[in-house]
Amino acid sequence: MRIAIVSGKDEGPTKLNAFDNALSNAGIGDVNLIKVSSMLSGNAEICDLPKLKPGAMVNCVLSSITSDNPGDEITAVVAVALGEELGCVVETSGINKNPNDLIKEGEEMVRYMMEKRKVEIKDLIVEYSTTKVEKIASCIASVVYLNYDIEER
Amino acid sequence: MRIAIVSGKDEGPTKLNAFDNALSNAGIGDVNLIKVSSMLSGNAEICDLPKLKPGAMVNCVLSSITSDNPGDEITAVVAVALGEELGCVVETSGINKNPNDLIKEGEEMVRYMMEKRKVEIKDLIVEYSTTKVEKIASCIASVVYLNYDIEER
Amino acid sequence: MRIAIVSGKDEGPTKLNAFDNALSNAGIGDVNLIKVSSMLSGNAEICDLPKLKPGAMVNCVLSSITSDNPGDEITAVVAVALGEELGCVVETSGINKNPNDLIKEGEEMVRYMMEKRKVEIKDLIVEYSTTKVEKIASCIASVVYLNYDIEER
């Protein structure tokens, strides 16, 4: 299993468009995202995001937050723990919460998931995106499941 | 990529059943819908909805709205923009909102998505469903991604 | 089409972890769940849940409820009706609702779905999970769509 870990943020004229712009900023704006629940196979390999085929069906774990309240500080986080037998992903997000607290919360939740499964953590990666809302803004962080069908070459 | 654009509406004895009846009214009540996020490949072809295999796994963009408040006017909209390089879909819906305003909102959001991607719009289609709630009603509008696996022949 | 019907419940240090623990308790904690909308092919076969590959992409209908309010009674239900031409699944859940009422509600909704489709019910199965919240708890009930790709052997 190969995955890419990405994040993005942007403003937009509507909440939907701000979210779409944030996805594009992360490099996953031109595909169909199918949200899945957060488990990785053993020894998952982290890659750079390849160029994806427009309209491809792409499985992902997606953390997102959108606000149209100027001045809000918004943050989206994914925490990824890799192990030999399997891996876990946690998504969390918040409005006007300290990004470091959210990151710590994500880390703690994913550590707990691995402990519960008695799988040793070989690597723990946190990716996040945070911004102060000007008018309407969105932040996303995502773990993208890669396979050759969805990659453009 | 082939897609079908459908809509439906119906009443039902519960919210879940009204929603299910609206899906059946649209011709997609007997399959498993997997919601995806709204991108089309280049030069997507619009087809009539074929007969689908019961229980097939069908990717779709789904706009839906359900209300159990008699007298409510409910509307579900999808706006689809097609281009040579890719296409975009927007879903929007509302309760007691002017259907024409929702349609215009959908059109504007999808135009903006295509502009942002610098893709020329070759065709723009809006599909919607609107109804006044008698007891419990649901409206849906959907873009269904077709492939031969899900079609009955 | 083969399906497994499972349920689970557990406490956890956060809502996300309680939910994850409930999934593990049901035997589906180590896979990626993709939520689908509730239709079965004709003559679907009910099997025991096999051992699933960690990280596999697994389609399911998922009913879940999580509460961090100690003393709450939470219940998650799936009701499954099987027929020759097709089958239907209903998910329902509640907080501080009588589990028997929720079960009855699920049964009635799925009976109605089959009647509407003029399909005779050959078998009707209800699976549920209920618990009283100590600190933070989650209940899940799920219909898991099986195929050989996701099974470990």
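A short reminder: the numbers here are calculations on the coordinates, not readings from a lab. These numbers come from a predicted model, not from an experiment. With ideal geometry, Cβ positions are generated from the backbone for all residues, glycine too; neighbour counts draw on all protein chains shown.
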List the lysines whose Cα sits under 16 Å from the Cα of C:K118, skipping any in the same chain fewer than 8 residues away. none
Within region B:12-51, which residues have the backbone N less than 16 Å from the label spot 7 Å out from B:R2 along Cα→beta-carbon, could you tell me? B:41, B:43-51
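On a 28 Å Cα-Cα criterion, which of the cross-link pairs A:K15/B:K9; A:K132/B:K35; B:K132/C:K116; B:K116/C:K15; A:K35/B:K135 come out too long?
Working: A:K15/B:K9 26 Å; A:K132/B:K35 30 Å; B:K132/C:K116 22 Å; B:K116/C:K15 38 Å; A:K35/B:K135 33 Å.
Where the Cα-Cα span goes over 28 Å, the pairs concerned are A:K132/B:K35; B:K116/C:K15; A:K35/B:K135.
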Which semi-axis lengths, in whole Å and largest first, follow from the square roots of five times the eigenvalues of the Cα gyration tensor of the protein assembly as shown? 30, 30, 23
How large is ³J(HN,Hα) for each residue in region A:97-108, as worked out from phi by the Karplus curve 6.51 cos²θ - 1.76 cosθ + 1.60 (θ = phi - 60°), to whole Hz, x for Gly and Pro? 10, 4, x, 5, 5, 5, 4, 5, 4, x, 4, 5
Scalar couplings 3J(HN,Hα) for region C:54-65 by Karplus 6.51 cos²θ - 1.76 cosθ + 1.60 (θ = phi - 60°), nearest whole Hz, x for Gly and Pro, are x, x, 5, 8, 10, 6, 7, 9, 10, 9, 8, 8
Using a basic spin-label model with each label point 7 Å from the Cα along Cα→Cβ, how many nm lie between C:I46 and C:K118? 2.7 nm
Go ahead and estimate [θ] at 222 nm for chain A from helices alone: -39,500 (n - 2.57) per DSSP H run with n ≥ 4, summed, over the residue count, rounded to 500. -6500 deg cm²/dmol
Using just the alpha carbons, could you tell me how many Å³ per residue the convex hull of region C:41-109 encloses? 122 Å³
Going out from 0 in 5 Å bins, what whole percent of all Cα-Cα distances in chain A drops into each bin? 2, 11, 19, 21, 19, 14, 9, 4, 1, 0
Cα centroid distance between region C:90-123 and region A:5-50, in Å? 37 Å
Given a cut-off of under 8 Å on Cα pairs at least six residues apart, what relative contact order in percent is computed for region A:7-150? 34 percent
What residues have an amide H closer than 5 Å to that of C:E151, excluding those fewer than 5 places away on the same chain, when H is modeled at 1.01 Å from N in the peptide plane? C:K53
